[in-house]
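Novice: Structure below; questions to follow.
Just so it is clear, none of the values below were taken in a lab; they were calculated from the coordinates. It should be emphasised that the depicted structure is a prediction, and the values quoted were computed from it without experimental measurement. When we count neighbours, we look across all protein chains shown, and the Cβ atoms used for this are built from the backbone with ideal geometry, even at glycine.
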Amino acid sequence: DFAFYDMTNGPHSIHGHRAVRFASRYGKDHDMLEAIYRSFYERAECLWTPHDLARLAAPLGLPHDDFVAYLASDADFADIFALTERYRSDPGVTGMPFHVVDGAVFRSENGLDGWRTLFDRARVYSV
């Protein structure tokens with residue numbers, strides 16, 4: 001269940017991208033992404049500060065102090081910002097979040113048909 005009507009602010013997406021990158025060091029990137037999506041989209045929780053994201057990282061077993069220090073630093077910031085800006089300049093990107101699948105931009109605003117297309121495309125590659 002999406003909690004769109006309960007949302008009072010948007011997440012700090014650079015911190016979210018960096019949290020996923022940090023989690024990938026421990027093989028937990030997909031778990032972190034799911035935790036972020038559930039927290040924001042299903043519970044309308046604020047994800048603005050590193051401590052908000054650290055709350056999500058703890059159940060995944062990520063080292064709290066290292067996680068908070070990483071987000072407080074500028075590690076990977078420029079790389080992630082440049083990657084985001086590169087795709088944001090794509091004429092197909094008209095909002096956030098957007099996803100890149102096999103080099104093609106997919107916008108969440110494409111609705112259910114867009115998600116079906118994405119999953120059908122993923123299914124072809126997994127066979």
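Novice: What does the charge add up to near Arg25, with Lys and Arg as +1, Asp and Glu as -1, over the other residues with Cβ less than 14 Å from its Cβ?
Specialist: Overall, the nearby charge balance is -1.
Novice: With Cβ to Cβ distances under 15 Å as the rule, what net charge do the other residues near Pro50 carry (K, R +1; D, E -1)?
Specialist: -3
Novice: Using a/c under 1.5 as the rounded threshold, could you call segment 15-62 rounded, prolate or oblate? The axes a ≥ b ≥ c are square roots of the C-alpha gyration tensor eigenvalues, and prolate needs a/b larger than b/c, oblate otherwise.
Specialist: Prolate is the answer for segment 15-62, as a/c is 1.5 or above and a/b outweighs b/c.
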